[in-house]
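We did not get these values from a lab; they are worked out from the coordinates using the rules stated. Values in this document were obtained by computation on a predicted structure and should not be read as measured data. As a convention, Cβ positions derive from the backbone with ideal geometry for all residues, glycine included, and neighbour counts pool all protein chains shown.
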Amino acid sequence: MRPRTKALVAAGSGIAAGLAGLALTTLPAGADDDPVLPAIEPEALVASALAAEPQAFSGQAEVSNELGLPALPGVDALDFESARVFHDGQESARVQLEKPTSEATFVKNPDEAWAYDSQERAARHVTWDDADAAAAREHAEAQLADPAQAAAQLIEQLRPTSEIVVDGTARVAGRAAYELVLTPKPSEKTLLREVTVAIDEQTRMPLAFDVYANGRTDPVLSLGFTELDLGAQDPALFDFTPPQGTKVETTDAGDAAGHGAGKDSAGTDKAAERMAEHGTTTVGDGWDTVVIADLPSDLPADMPADLPAGMPEGAFGGGQDLAGTLAQIGQPVSGAFGSGTHVGIAVGGAIVTDDGRVAAGAVPQQVLVDALDQQ
């Protein structure tokens, strides 16, 4: 990643993590008549969705993003117009993210993973041997935005701190689905009001979801399949050869796994351990999760004139430093942690501290301050 974008990418990534990685998942639904389906208890629907077998499929996905977060290089989850997703129902997947001026391609098979950016003409290649396979594959899957897996992880993460109901049915990409609604328990401090997930009646595969914020009637984030075809896929889709002239960075499985999250082959949760090793921690859980990360140490003294979409005009122009930029778009804040700048978005915000950290989440400013004070 280019150094000039790292500070904002760190903040953006933290906010995305605070939203439980919503944007690299499934994507808004069609509007046919709601189907009539057998009644089902919320916990039974949740359990069946979490236990569902992966499906072989191809699908077209779209996103509507009103989060208020700029489109940032390195945060592809919030920076694409549509996606084409392929899965073989086992270990191989392919995601093609279509952007205004480029396309990003992610491919994973049992032996390797690729991430290719057509605009940068650069690719990252990860391989692994049998000893590293489990951890490396999990890392690759986290990059691939497998719709069913990502939505299932969202449900699993929010489940302990949510009130859960089944609120009718819907038709998504021509398929009948239940509408699962997760609402924060009264003890939660999040700025989100609810998340609705459409779950396929036959396969229990999550097909779409909407994220609603307090004080807003329309979703701040809508993601869902507009087309979905179940069935075997061409194996050639899950092989990748970079175009001639591509700059390829090869990463070994140990490094890739070290930056990932999830569980190892013995079932032990490694997420917190890996995040701590790389300067990232979490405070709280469920809806109130705050991600705290160290800013990169190699930020340039002067920020460039070319801006990510959505930033104020001139924010990085004229040789302004990061502090000057933050002063334009945020407000000063202080606490036991020290001092910094709070930058708000539609469903939360981030505090960039003067000592080089970022705390972000879908929570009020005071929750971010309290999280920093605990570190």
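Computed values, structure above
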{"read-out": "Highest-first arrangement of 284-294, 37-47, 156-166, where packing means the average Cβ count within 10 Å", "value": "284-294, 156-166, 37-47"}
{"read-out": "From phi via Karplus (6.51, -1.76, 1.60), per-residue ³J(HN,Hα) for the stretch 349-365 in Hz, x at Gly/Pro", "value": "x, 9, 10, 9, 7, 5, 8, x, 10, 10, 10, 9, x, 8, 9, x, 4"}
{"read-out": "³J(HN,Hα), Karplus 6.51/-1.76/1.60, whole Hz, each residue of the stretch 232-239, x for Gly, Pro", "value": "4, 10, 5, x, 5, 4, 9, 10"}
{"read-out": "Amide hydrogen neighbours beyond the local backbone of SER82, cut-off 5 Å, H modeled", "value": "GLU98"}
{"read-out": "Nitroxide proxy distance, nm - points 7 Å out along Cα→Cβ at ILE40 and ASP239", "value": "3.8 nm"}
{"read-out": "Whole-Hz ³J(HN,Hα) from phi, Karplus 6.51 cos²θ - 1.76 cosθ + 1.60, for the stretch 241-251, glycine and proline x", "value": "10, x, x, 4, x, 6, 7, 10, 9, 9, 10"}
